[in-house]
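**Student:** Got a structure for you, questions after.
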Amino acid sequence: MAHCELRMIELSQLEIVGYADVLRAGTIPRRVAPIFRYIEDKTLIDARARGVFPPFRLIDEFVLNGTVAPMSDLEAGISAHRATRLGAPIPACPSSLLWIDENLIPHYGPHKEVNADLQAQARERYKLAKTKFLLGQYDAARSLARWACAADPRLWLALALQAAMRQLESKPAEVELLEDYASEYVDASDFHSWIELLIREYQLGIGTSAIYESVLGGSPTQDLSIDLEYTAYIQNIESLLTHRQSRNNSDFKKGDWSEWTKSKSNNRMLTKNYLLDPINPSESLFSNKQKPSLAVNE
């Protein structure tokens, strides 16, 4: 950059004119570092107008240690594929966050509200990703899960979902990489236990129409996906994990639920009673009257 100086600058003097990244349509959402311009210089040509460039720190209503340089440096950054100019300036606000969605539309607002909104969207994308996964639509499931992880990096359930797909594809190196990403938020044994639960839930849905026809001679159009009781258990676990994640913002305690998965009797999928036990295919669940409690102790 042509000229640099370090200072504390009030955001009220600035507007956002770009960001320090180059994205393409269809990518995952991205929190980006804004590039500012002094409001009083907006009528000047770029060579004379002053901009504030990252790296810097945004604290309340101040930019700390921002690099002040001519706005012509923004054009240089664009040419070098390091920066993007916004279609229209956005007034800078205290304690706010800039992020870009998959359609390259910028969003800017109070960081607490923005993060809460992204986390809510991440949970919805995860739920949809899981639905796609259970239908065998891996590409769609992976795309949705990546979106969820980008919107809320602490949502490790979305990482586990990606790992389950990679494990089914016999790609252990990628499973290990995803486990490493998740290690900041969850114990490795719990992460693997959840992968196994996802895989069993997926396998339960494979070929159920054929089983229905062969065992009962009925219509394959009837709902044979997952027993409502088992679904309730899974939803109970997911809700508990999400609740503890948002409440503690820390690793979940090992043993909260993973011990359930280690019990052979509990590990049987609670399927329709005419299906075979997926853990022991030779055993029929037809006469199985005892089902484990769905209660999860806090």
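The values are calculated or read from the model by the stated rules, or taken from the named source; none is laboratory data. As the structure is a computational prediction, the values presented were derived from the model and not from experiment. All Cβ positions, even for glycine, are placed from backbone atoms using ideal geometry, and neighbour counts span all protein chains on display.
**Student:** Just one of S183, S189, S193 is more than 20 Å from A148 (Cα to Cα) and either at pLDDT below 85 or surrounded by fewer than 18 Cβ atoms within 10 Å (Cβ to Cβ) (or both); which is it?
**Tutor:** Working: S183 fails: more than 20 Å from A148 (Cα to Cα); S193 fails: either at pLDDT below 85 or surrounded by fewer than 18 Cβ atoms within 10 Å (Cβ to Cβ) (or both).
Result: S189 is the single residue among S183, S189, S193 that is more than 20 Å from A148 (Cα to Cα) and either at pLDDT below 85 or surrounded by fewer than 18 Cβ atoms within 10 Å (Cβ to Cβ) (or both).
**Student:** When the residues of region 18-62 are filtered to those that are farther than 19 Å from S79 by Cβ and of a type in the set (F, W, Y), which remaining residue is farthest from the chain's Cα centre (by Cα)?
**Tutor:** Selected residue: Y38.
**Student:** Give region 33-68 a look and list any residue that's buried (at least 19 other Cβ atoms within 10 Å of the Cβ), of a type in the set (A, V, I, L, M, F, W, C) and under 17 Å from P91 (Cβ atoms), or say none.
**Tutor:** Scanning region 33-68 gives I35, F36, V52, L58, V63.
**Student:** From L178, L128, L155, L197, grab the single residue that is outside the structural domain of A83 (by TED's automatic domain parsing), over 18 Å from the mean Cα position of the chain (by Cα) and farther than 30 Å from V17 by Cβ. Give the steps one after another, and end with the answer.
**Tutor:** Values: L178 fails: over 18 Å from the mean Cα position of the chain (by Cα); L128 fails: over 18 Å from the mean Cα position of the chain (by Cα); L155 fails: over 18 Å from the mean Cα position of the chain (by Cα).
Of the residues listed, the single one that is outside the structural domain of A83 (by TED's automatic domain parsing), over 18 Å from the mean Cα position of the chain (by Cα) and farther than 30 Å from V17 by Cβ is L197.
**Student:** Taking into account only those residues within region 98-141 that are under 30 Å from L198 (Cα atoms) and of a type in the set (K, R), which is surrounded by the fewest Cβ atoms within 10 Å (Cβ to Cβ)?
**Tutor:** Checked region 98-141; the qualifying residue surrounded by the fewest Cβ atoms within 10 Å (Cβ to Cβ) is K127.
**Student:** Restricting attention to region 177-207, report how many residues are out of contact with any helix residue (DSSP H, G or I) (no Cβ under 9 Å at 6 or more places or on another chain) and not in a helix (DSSP H, G or I).
**Tutor:** Within region 177-207, residues that are out of contact with any helix residue (DSSP H, G or I) (no Cβ under 9 Å at 6 or more places or on another chain) and not in a helix (DSSP H, G or I) number 2.
**Student:** Something else about it: Do the conditions hold for A122, that is, is it of a type outside the set (D, E, K, R) and farther than 26 Å from L23 by Cβ? Please lay out each step first, then the result.
**Tutor:** Working: of a type outside the set (D, E, K, R): yes; farther than 26 Å from L23 by Cβ: no.
The answer is no for A122.
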